[in-house]
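Only the coordinates and a few stated rules stand behind these numbers; no lab work does. These numbers come from a predicted model, not from an experiment. A quick note on method: Cβ atoms are made from the backbone with ideal geometry, for glycine too, and the neighbour counts reach across all protein chains shown.
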Amino acid sequence: MFVILTSKPGQFRTEVTDGLKPLDAYDYLFYGQKKAHFVIAELVREDARIRVVEEVSEIVNNVPCKFLEKFDSRERAFAELEHLTTFGHMETSLRKTATAAAA
């Protein structure tokens with residue numbers, strides 16, 4: 001199973017923890033400006049959690065992956081990511097970046 005992790009600069013970031021294997025990372029650009037960072041990760045353990053850190057307050061939440069939407073393939077996760085980041089004729093794009101342990 002695969003999940004999509006989201007980080008929004010200046011707001012919050014998600015961090016990969018044990019039980020997740022990051023595979024692909026993308027920056028979401030809206031009219032050339034980075035609005036979000038996404039990581040497609042393989043769910044290695046069903047009891048895995050992701051760490052969500054609020055950037056201003058540094059409040060940390062460990063969220064069980066059971067609350068995330070899951071996809072049966074890497075390709076389906078990417079297709080969903082493309083769907084979520086496309087808005088008619090607006091200038092949006094996904095730019096592949098280096099995959100890192102932290103989203």
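Kindly state, to the nearest 0.05, the FRET efficiency for SER73 paired with PHE30, given R0 = 30 Å and r defined as their beta-carbon distance.
On the way: r = 27 Å, r/R0 = 0.89.
Step by step, r from the Cβ atoms, then E = 0.65.
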Query raised in the report: For labels at ASP18 and ALA98 in the simple 7 Å Cα→Cβ model, what's the distance in nm?
Result: 2.7
Query raised in the report: Near SER7, within a Cβ-to-Cβ distance under 15 Å, what is the net charge of the other residues, with Lys and Arg +1 and Asp and Glu -1?
Result: 0
**Report entry** Ranked VAL44, VAL16, VAL39, criterion: other C-beta atoms within 10 Å, fewest first
**Finding:** VAL44, VAL16, VAL39
